[in-house]
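Enquirer: A single structure is presented below for examination.
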Amino acid sequence: MMNHLGVRLLSAMVGEVELSVPYSDKVTQQQGGFHGGAIGALADIAAGYAALTVSPEGMEVTTVEYKINFLSNFQGGEIRAIGRVTKAGKRIIVATAEVVHIDDSGKRSDCAVMQSTLVPVPKTY
């Protein structure tokens, strides 16, 4: 999914990850704006990687649920998602993701917010 969407890792630290996706025909809907599915996928990936940074060695994470609010839609530029861990427990991890649009002049605008619940699972590979 990350390769298909053109996701780039911008930064990663314990409990926080920032990713970006450039505007392209791979991530747009019929009216030319970023597709909600692409926005949701980017937010889910950012929250998931943030959760992975606090997971025990030998574990992966999987999303159990998320809720997303789309605040506005945009064309051109890129979208960025900052995933942050809110609470890292033994059985569940709660994370958020904020998605912003950055236009070609560098102006940032709110795009979406998400809250998710993830669970650590053993690596199977």
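Just so you know, all these numbers are worked out from the coordinates, no wet-lab data involved. These figures come from a predicted structure and were not determined experimentally. FYI the Cβ positions are ideal-geometry reconstructions off the backbone, even for glycines, and counts take in every protein chain you see.
Enquirer: Tell me yes or no: at least one residue of segment 47-54 is in contact with an Asp or Glu (Cβ under 9 Å, 6 or more places away or on another chain) and aromatic (Phe, Trp, Tyr).
Expert: no
Enquirer: Can you tell me which residue is surrounded by the fewest Cβ atoms within 10 Å (Cβ to Cβ) among those in segment 2-29 that are at negative phi and part of a loop (DSSP other than H, G, I, E, B)? First the steps, then the outcome.
Expert: Pass one, segment 2-29, residues at negative phi: 2-5, 7-14, 16-29.
Still in the list and also part of a loop (DSSP other than H, G, I, E, B): 7, 14, 23-27, 29.
On the way: Val7: 21, Val14: 10, Tyr23: 21, Ser24: 12, Asp25: 6, Lys26: 12, Val27: 22, Gln29: 12.
So, considering only residues that are at negative phi and part of a loop (DSSP other than H, G, I, E, B), the one surrounded by the fewest Cβ atoms within 10 Å (Cβ to Cβ) is Asp25.
Enquirer: Could you tell me which of the residues Ala81, Ala50, Ala41, Ala95 is buried (at least 21 other Cβ atoms within 10 Å of the Cβ) and part of a helix (DSSP H, G or I)? Break it down into steps so the answer makes sense when it comes.
Expert: Numbers: Ala81 fails: part of a helix (DSSP H, G or I); Ala41 fails: buried (at least 21 other Cβ atoms within 10 Å of the Cβ); Ala95 fails: part of a helix (DSSP H, G or I).
The match here is Ala50.
Enquirer: Right, Gly32: assigned to a loop (DSSP other than H, G, I, E, B), closer than 18 Å to Gly6 by Cα and either of a type in the set (Gly, Ala, Ser) or without any contact (Cβ under 8 Å) to a residue 12 or more places away in the chain (or both) or not?
Expert: So Gly32 passes the test.
Enquirer: Of all residues being free of Cβ contacts under 8 Å to residues at least 24 places away in the same chain and assigned to a strand (DSSP E or B) in segment 99-125, which is nearest to Glu18 (Cα to Cα)? Just the residue, please.
Expert: The extreme case among them is Val100.
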